[in-house]
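Taken together, the values in this text are just the output of simple stated rules run on the coordinates, not laboratory data. The shown structure was predicted, so the numbers you read here are calculated from the model rather than taken from an experiment. Using ideal geometry, Cβ is built from the backbone for each residue, glycine included, and neighbour counts are taken over all protein chains shown.
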Amino acid sequence: MAALSSRQRLDAARRLVVKIGSALLVAADSGRLRLDWLQGLATDVAGLRAGGKDVVIVSSGSIALGRRVLGLPVGPLSLEQSQAAAAVGQIRLAQAYESVLSPHGITTAQVLLTLEDTENRRRYLNSRRTLTALLELGVVPIVNENDTVATDEIRYGDNDRLASQVASMAGADVLLLLSDVDGLYTADPRSAASAERLESVAAVTPQIEAMAGGVGSALSSGGMKTKLMAAKAAMRAGCAMAISRGAVERPLTALAEGAPCTWFEPDGDPHVARKRWISGMKPKGRLTVDAGAVAALLRGKSLLPAGVTAVAGSFSRGDPVEIAGPDGTVVARALAGYDGREAALIKGHRSDRIAELLGHQGRAAIVHRDDMAF
């Protein structure tokens, strides 16, 4: 079976995450924003949005922009200098995206994350719900690594890996890493004339990992190794990933029209991959529900407090739990929307009483339907 073309992949995608590297956004010689390039990207994003697709942008660039404003020299910065530059640059980065996307009628939102936010289940759920709400409202989230508080993330250039985590969190079909290279080569093409670009990668094997080189740009903090780490995470999440050269006027259009790239093939689809991930977790508690709730869950509904008859176990929000019917048969595994104490307080009650029972406003469901696997 012939491999899908880039256009076919992009046309079929419902939700895309686009990662932008610092070297594309910021001119190395002046440290200034490359506004013309960013306007071309905005036109591409507007085209995707007009086609009914959700778009999330994961952007580097805050440190590169901030260091010019602060007059910091080119070259390695101390952790404190990097964080200071990020604090200054994040404002300018958000303003830049708003300035190029608002003429297309697109509302933007800044979302600051670190890898810790995506690896802690409680923070993961909060971030996922925020991203989902923004996308449902037609917003293009601009995700920037929270470099003002990050430590290892700054040192190791994990925006590639962060992008793959965001793609997983958002349930994206496609992750595009726009870079200063046009894909993965069998060797470093700058020093090996025999190096060949791989069109497609089905699995990131040790042989594939051995092909990764070092950092490619003076402004970038990542390299091919971080891109392969991102690829493995994206593939496990059922998300196809492409590495392509971004330094062209309309990078997403160029990719659709056949620009060279390397595609990393997904393991299934995002929905199936997420359900498989939930199913594989060891439950920390149990929610017993009545027959009416079981029927509602099997119709694809969320689990409301009114249908819960018992809560067992000590678990926090975001922890895995099992959902059992009145006869004790487990019907689903899920990520809890409340901790065990709160779930026990609201069980058997209507959702409109949650605020009264807990003393604060909560979500209507004890478990959202997206966080269940049957």
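Listing for the model above:
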quantity: Largest-first ellipsoid semi-axes for the stretch 280-373, taking √(5λ) over the Cα gyration tensor eigenvalues, angstrom; calculated: 18, 15, 12
quantity: Over 19 Å between alpha carbons, listed pairs Lys301/Lys347; Lys19/Lys232; Lys225/Lys275; calculated: Lys225/Lys275
quantity: ³J(HN,Hα) computed for each position of the stretch 299-308 - Karplus, 6.51 cos²θ - 1.76 cosθ + 1.60, integer Hz, glycine/proline x; calculated: 8, x, 8, 6, 8, 8, x, 4, x, 8
quantity: Value of [θ]222 nm, deg cm²/dmol, for the chain, DSSP H segments ≥ 4, -39500 (n - 2.57) each, nearest 500; calculated: -11500 deg cm²/dmol
quantity: DSSP bridge orientation in the chain - percent antiparallel, rounded to nearest 5; calculated: 40
quantity: Cα lying deepest toward the dipole's positive end in the stretch 6-271, options Ile63, Ala187, Val149, charges on Cβ; calculated: Val149
quantity: The chain: relative contact order as a whole-number percent, Cα under 8 Å and 6+ apart; calculated: 15
quantity: Karplus-derived HN-Hα couplings along the stretch 6-11 (A = 6.51, B = -1.76, C = 1.60, θ = phi - 60°), whole Hz, x at Gly and Pro; calculated: 4, 4, 4, 5, 5, 5
quantity: Max mean-square fluctuation residue, GNM over the chain, Cα-Cα springs under 10 Å, options His360, His104, His349; calculated: His360
quantity: Residue of Val308, Val18, Val330 that the Gaussian network model of the chain assigns the largest fluctuation, springs spanning Cα pairs under 10 Å; calculated: Val330
quantity: Rg/Rg_ref, the chain, where Rg_ref = 2.2 N^0.38 Å and atoms are Cα; calculated: 1.07
quantity: Distant-in-sequence amide H partners of Thr114 (H built 1.01 Å from N, under 5 Å); calculated: Asn146
quantity: Within the stretch 280-373: Cβ-based charge dipole about Cα centre, in debye rounded to nearest 20 (Lys, Arg +1; Asp, Glu -1); calculated: 80
quantity: Length-normalised contact order of the stretch 254-330 in % [C-alpha pairs under 8 Å, at least 6 apart]; calculated: 35
quantity: Theoretical gain in end-to-end length, His360 to Ala203 [0.36 nm per residue, Cα-Cα removed]; calculated: 51.9 nm
quantity: Of Cys261, Ser6, Gly171, farthest towards positive along the dipole that unit charges on Lys, Arg, Asp, Glu beta carbons give the chain; calculated: Gly171
quantity: For the stretch 51-61, Karplus couplings with θ = phi - 60° (6.51, -1.76, 1.60), whole Hz, Gly/Pro x; calculated: x, x, 9, 7, 10, 10, 10, 10, 10, 7, x
quantity: The chain: most fluctuating residue of Leu357, Leu65, Leu24 per GNM, C-alpha cutoff 10 Å; calculated: Leu357
quantity: Approximate spin-label separation Gln39-Arg299, in nm, with each point projected 7 Å along Cα-to-Cβ; calculated: 5.3
quantity: Within the chain: Cβ-based charge dipole about Cα centre, in debye rounded to nearest 20 (Lys, Arg +1; Asp, Glu -1); calculated: 760
quantity: Inter-centroid distance (Cα atoms) of the stretch 25-63 relative to the stretch 285-335, Å; calculated: 43
quantity: Distance between modelled label sites at Thr130 and Ala187, nm, 7 Å Cα→Cβ extension; calculated: 4.6
